[in-house]
Structure formats: C-alpha cells, structure tokens
Amino acid sequence: MDNNKPEQPNNHRPIPKLFFDDLTGARMNRCISCEQDLLDSQMPYFIEKAIKPHLGYKAYATVFEYAMCINCMNEHKGKISASSLTNINQYFQKHIDISRRQYLVAHELYDDLGLWMDHCMVTDRHITTIGECQIYAQCVGDQLAMGDCPYMISGEALDAVINLLSAETIDAFDKLKDELVGPSAFQDLLKGGPRVLL
Ligand SMILES: [Zn+2]
C-alpha cells in the first residue's frame, strides 16, 4: 500500500465538466472571496452556477459561476438574518424529499450524476423543462464530494426562496455581490448573480 496516497472516500468522484469554469474550460481553482488555491489545498469548497439550459445539461448558457471555500461560505452565510434563515429552512423542509437523497447515499449511486441533478430538488421538474436554474456542488481538490450535494434548483423555486428573505438579508446579499464582482475576471459571469447563497 502506498502510504503517500490518501485513500479516496467512496462518495468522491472526479469533478464533472458541468462544474468546470465555462470561461476557461478548466477546473475552478480560486475561492472567489479569499482567492486561495482550491485544487492544491484540502479545504472543502462549493461551486455554484446559474445556467439557462437549452438541451438539459448538453447545451446551456452560463449566467454566473463561482467557487467559494467553506470558511468564506460560512462567513457569508452568517450575514443571513435569523428570520430569513428560519424561513428558508422551513421552506426546504416542507418541499424537499429527503428520503430520495438518503436513498442515493444508502445505495451508493455515485456514478449516475443524473439521479442527483436531473430534477429540481424542490419542484421535481426535469431539467429539460426548466428555463433557468442553479446547480451546486461540494468539492475537495479535484473531487466531487457527493451526499448533500450535488443538486439543482429551478429558477421558479429560487424565486420562491427569495420572497422569503428579509429586506436586511437581501441588502446583505447585494453588498456581497458588489464586493465579490468588483473589477475582476468574474465580472461578466457574475453580473446576474449570485441571487442567493444556499
Ligand atoms: Zn475563501
């Protein structure tokens, strides 16, 4: 046994192209907030993209995309007001079929990405019937860590979530967006969002 090579957990798979940087065609490698290198460190991170699918995931336009390390994600999530957080959690508890996600994990169905991503986690609508959606992944290095993620949420469901947010939270998100977009290479792909960090 090669002791220099850490063993891959069985829920890890190479990050699929869907979650690559559509500007460069390569893996995302920087936290948009603290700019640390995500591929070299073992720091868990999240990828979020908003896309407009034309043929499901086969052909789509990217509205925005970014990667953020777990520390920055936790820090930014702390800006969500308590009332917004309660509302979001209640909404998801009511609408998400947790048993379906648990089934995927229990049966280790990690090789079929479609089982995780083809239907909106909230409305159950299929990707081919959706005009706009956001997709989420949790990663470590060049691996997708499957479990709570990956998933897809339709624009329709995101609008419902945004309606649950307090004015205070929406204001915090707008400030964060200005801060993150700035005069950077992300500008084009970020001007439309992020509408909400989930
Ligand atoms: Zn960071």
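With contributions of -39500 (n - 2.57) from each DSSP H run of at least four residues, the per-residue ellipticity at 222 nm computed over the chain stands at -9000 deg cm²/dmol.
Rounded to the nearest 20 debye, what is the charge dipole size of the chain about its Cα centre when +1 sits on each Lys and Arg Cβ and -1 on each Asp and Glu Cβ? Mind dumping the intermediate values first?
Numbers: 18 positive and 27 negative charges, 60 e Å.
The calculated dipole for the chain is roughly 280 debye.
Each semi-axis of the equivalent ellipsoid for the stretch 34-112 is √(5λ) with λ an eigenvalue of the Cα gyration tensor; in descending order they amount to 23, 22, 18 Å. Positive-end ranking of Ile15, Gln90, Ser41 along the dipole of the chain, with charges on Cβ about the Cα centre, is headed by Gln90.
With a 10 Å radius around each residue's Cβ, average the other Cβ atoms per peptide and rank 131-141, 51-61, 110-120, highest first. Write out the running numbers ahead of the final one.
Details: 131-141: 20.0, 51-61: 14.5, 110-120: 16.5.
Top of the packing list down: 131-141, 110-120, 51-61.
Projecting the Cα atoms of Val122, Ile170, Ile135 onto the charge dipole of the chain (Cβ charges, centred on the Cα centre) puts Val122 farthest toward the positive pole. The amide H of Phe64, built 1.01 Å from its N in the peptide plane, has Ala50 as neighbours under 5 Å, considering only residues 5 or more places off or on other chains. Based on the Kirkwood radius over alpha-carbon pairs, what is the Stokes-Einstein translational diffusion coefficient of the stretch 102-152 at 37 °C with 0.692 mPa s viscosity, in µm²/s? Reported coefficient: 282 µm²/s. Packing, taken as the mean count of other beta carbons within 10 Å per residue, orders the peptides 158-171, 89-102 from highest to lowest as 158-171, 89-102. What the Cα atoms of the stretch 12-180 give is an Rg and a Dmax of 15.8, 42 Å.
Note the full-extension length gain between Asn10 and Asn89 as 0.36 nm times their separation in residues minus their Cα-Cα distance, in nm to one decimal. Spell out each step's value before the answer.
Numbers: separation 79, 0.36 × 79 = 28.44 nm, distance 2.87 nm.
Going from the current span to full extension adds 25.6 nm.
Taken about its Cα centre, the stretch 1-96 carries a charge dipole of about 460 debye when Lys and Arg each add +1 at the Cβ and Asp and Glu each add -1 at the Cβ. Rounded to the nearest Hz, the phi-derived 3J(HN,Hα) couplings of the stretch 118-125 under the Karplus curve 6.51 cos²θ - 1.76 cosθ + 1.60 (θ = phi - 60°) are 6, 10, 4, 5, 9, 9, 6, 5, where x marks glycine and proline. For the chain, hydrophobic long helices are taken as DSSP H runs at least 18 Å long by C-alpha position along their axis with mean Kyte-Doolittle hydropathy of -1.0 or more; these are 82-95, 167-181.
No lab work stands behind these numbers, since they all come straight from the coordinates. Note that the structure is a prediction, hence the values are computed from the model and not measured. Note that we place each Cβ from the backbone using ideal geometry, even for glycine, and neighbour counts take in every protein chain shown.
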